[in-house]
Amino acid sequence: CDARPGTFCPQEAVGTATITVTGGSTQAPVISGVSGPTSLQAGQQGTWTVNASDPNNGSLNYSVVWGDEAMISQTTGATMASSPPISQQTTFTHAYSQAGNYAPTFTVTNNSNQSARTSISVNVGGVASQSLTVLSPNGGGYWYRGSNAVVGWSSTGMSQDTQILIRL
């Protein structure tokens, strides 16, 4: 084949081409931190906060897999067209029902379906211990039938709806 200008030789493909990609430049979201408890008792609720940003300033979808087969998803609606990226955050709450070591995995996904993941270790112990300490009266007093007395106490590990019965 004679490779003169304007001549095509199928056996010899020689040449150069320039390809330019325009528009659609997207980057994956960035997770800047996760905060929350790393130790809980079984049945105790924890709260975790995920901070992330989208370099494209779009809205982000947050999801979490707790490791005990529960999954929750949340979306933030913040959409900005300016730079630098706007930091966004969301909060998740969860209580593990059984003791064990868990690694909840938090995923942040942008509008272009790009994602970033991070996890945190959580050690879940047995059922939270409960205690009640009577602060007043602290002994040495007398109570008379038909009289009223104020009893003060402090407690740990009890929910607000715990009922306490005092018998004399």
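The values are calculated or read from the model by the stated rules, or taken from the named source; none is laboratory data. Values in this document were obtained by computation on a predicted structure and should not be read as measured data. Counting neighbours? That spans all protein chains shown, and the Cβs are built from the backbone with ideal geometry, glycine included. Ligands, DNA and RNA are stripped out before the accessible areas are found, and what is left, the full protein with its side chains, is counted by its heavy atoms. Shrake-Rupley method; radii C 1.70, N 1.55, O 1.52, S 1.80 Å.
For Ser63, Ser154, give the ranking by accessible area with the largest first, probe 1.4 Å.
Largest accessible area first, the list is Ser154, Ser63.
Roughly how many Å² of Val134 are accessible to a 1.4 Å probe, to the nearest 10?
90 Å²
Using label points projected 7 Å from each Cα along Cα→Cβ, tell me how many nm separate Ser121 and Ile164, to one decimal.
3.7 nm
What order do Asp161, Asp54, Asp68 take when sorted by accessible area (1.4 Å probe), most exposed first?
These residues rank, largest area first, as Asp161, Asp68, Asp54.
Given 0.36 nm per residue, what is the gain on full extension from Ser131 to Tyr144 after removing their alpha carbon distance, in nm?
Contour length minus the Cα-Cα distance gives 1.9 nm.
Taking all protein chains together and a probe of 1.4 Å, list Arg145, Arg117 from the most accessible to the least accessible.
So the residues, ranked largest to smallest area, are Arg145, Arg117.
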